[in-house]
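Here is the structure we will look at, set down as structure tokens.
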Amino acid sequence: MGLLRTPLRWSGALVLLAAILWGLSVRQPDILIAGDGASVAVRGGDGRLHAIRASKDGFLLREWLAADADPRDAANASLASGVSCDESGCVAPLADGRLVALSLRIDALTDDCSRAALVVTARPAPPDCAAMVVDRPRLASQGALALTQNGEGFSVQAVRARGASRPWLPAGAGEGDFDGSLAPKTAVPRNRDATPSEADLLADD
């Protein structure tokens, strides 16, 4: 019986080792966004998550930390390190120095869109926002999101899988409008002003 149990023990150890190696090989997300857009966690230059949030959802933060194998608790002061907030929202830097903004008010969106790489807001973002955006329509369609840097943009993994429709999780209208990535917006060239200059008008005279 001992000889029979030994292969089983080895088999269990190999499965555990494979799970550990797989976990180490999977890249952790750089940004976590709650489904209501009120809480965001950003991975900073120290490799750890930093929380920018409007709500005091300790349970959600504990879940994020546990999934990240981070032993800190939700009240740890280091979670707010590098995060800057005012009544309009918060910003925090990614490891590469680019900013992630959580916009709480409409009047903050213009400023955030011009200086942040990514803007998260529970409101609809303006269509001319220069930043990458996760706003109300995307959150309503996809729910909570995990973003992993992919070049200058992000690959996006949604809690609500695209096209998924189950009795307890119906597919949202317009769900197909969002794919699995976010990319920086290219600058739209301004239309050239065709009005002749004053010098040209004088020359014609």
Hey, any hits in the range 153-160 for a residue that's aliphatic (A, V, I, L, M) and modelled with pLDDT under 90? yes
Got at least one residue in the range 30-39 being farther than 18 Å from Gln157 by Cβ and surrounded by fewer than 21 Cβ atoms within 10 Å (Cβ to Cβ)? yes
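Report whether or not Ala41 is among the hydrophobic types (A, V, I, L, M, F, W, C) and modelled with pLDDT of 95 or more.
Judged against the criteria, Ala41 is a match.
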Name, by its number, the condition in (1) exposed (fewer than 13 other Cβ atoms within 10 Å of the Cβ); (2) over 16 Å from the mean Cα position of the chain (by Cα) that does not hold for Gly47. (2)
Within the range 29-72, take every residue that is in contact (Cβ under 8 Å) with a residue 60 or more places away in the chain and of a type outside the set (Gly, Ala, Ser) and give me the one that is farthest from Arg105 (Cα to Cα). Pro29
In the range 129-145, the residues that are surrounded by fewer than 23 Cβ atoms within 10 Å (Cβ to Cβ) and assigned to a loop (DSSP other than H, G, I, E, B): Cys129, Ala130, Asp135, Gly143, Ala144
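Per-residue answers, yes or no, for (1) at pLDDT below 90; (2) in contact with an Asp or Glu (Cβ under 8 Å, 6 or more places away or on another chain); (3) farther than 23 Å from Gln142 by Cβ:
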site: Arg53; (1), (2), (3): yes, no, no
site: Pro71; (1), (2), (3): no, no, yes
site: Ala95; (1), (2), (3): no, yes, yes
site: Arg105; (1), (2), (3): no, yes, yes
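With a cut-off of at least 1 residues that are surrounded by 18 or more Cβ atoms within 10 Å (Cβ to Cβ) and touching a strand residue (DSSP E or B) at 6+ places or on another chain (Cβ under 8 Å), name the strands (runs of 3 or more DSSP E) lying wholly within the range 81-128.
Strands (runs of 3 or more DSSP E) meeting the threshold: 89-93, 99-103, 118-121.
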Is one or more of the residues making up the range 146-154 under 13 Å from the mean Cα position of the chain (by Cα) and at positive phi? no
Suppose we filter the range 26-80 for residues that are assigned to a loop (DSSP other than H, G, I, E, B) and of a type outside the set (Lys, Arg); how many remain? 24
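The values are calculated or read from the model by the stated rules, or taken from the named source; none is laboratory data. Remember, it's a predicted structure, so these values are computed and weren't measured experimentally. Neighbour counts are summed over all protein chains in view; Cβ atoms, including those assigned to glycine, are modelled from backbone coordinates with ideal geometry.
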